[in-house]
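One structure, as structure tokens, below. Some questions next.
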Amino acid sequence: MAPRSDEAASRPYLPARPKRHGRPPTVRALILRLVRENPGWGYRRVHGELTTLGIKVAPSTIWEILKQAGLDPAPERASTTWADFLRSQADALLACDFVETVTLNGQRQYILAVIEHAGRRVRVLGTTAHPTAD
């Protein structure tokens, strides 16, 4: 309901609250820190992480902050090569092989071997003359 003209005239003048322009410096610093510590993240990923933290900021604002700081808002996704990936995951990678060999007395043996990529170490897990257990 709109105030009547005599009510509006009787109220003291209250100046409008000044508007805040831009984001607080702490949010800007947080955005730049996230991008520097996680170079593969683009502005959309940063937006998602900030939303998870409860910080409301538009993706376009993050884009502008990164552009002003001289950082690419959407880094190249194909910068990691297959060799780089293997090198970074070498501690967790194993390769298995099933080898058939003939012993000195002419008996066939089947060997299950594993190689650890990080140390290039071969481990024999077992041997058998009957791999199908028949």
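Name the single residue that is modelled with the highest pLDDT among those in the range 82-114 being more than 29 Å from P131 (Cβ to Cβ) and of a type in the set (D, E).
Among residues in the range 82-114 that are more than 29 Å from P131 (Cβ to Cβ) and of a type in the set (D, E), the one modelled with the highest pLDDT is D91.
Here is a follow-up. Within the range 100-125, track down each residue that is more than 39 Å from the chain's Cα centre (by Cα) and of a type outside the set (K, R).
E100, T101, V102, T103, L104, N105, G106, Q107, Q109, Y110, I111
Out of A113, A129, I need the residue that is small (G, A, S) and touching an Asp or Glu at 6+ places or on another chain (Cβ under 8 Å). Which one?
From the options A113, A129, the qualifying one is A113.
Separate question: Among the residues of the range 35-48, what is the count of those that are of a type outside the set (G, A, S) and surrounded by fewer than 15 Cβ atoms within 10 Å (Cβ to Cβ)?
Residues in the range 35-48 being of a type outside the set (G, A, S) and surrounded by fewer than 15 Cβ atoms within 10 Å (Cβ to Cβ): 5 in total.
Here are some conditions: (1) within 17 Å of the chain's Cα centre (by Cα); (2) under 30 Å from A29 (Cβ atoms). E64 meets all but one. Which one does it not meet?
(1)
The values are calculated or read from the model by the stated rules, or taken from the named source; none is laboratory data. In this text, all values refer to a predicted model and were calculated from it rather than measured experimentally. Neighbour counts run over all protein chains shown; Cβ positions are idealised from the backbone, glycine included.
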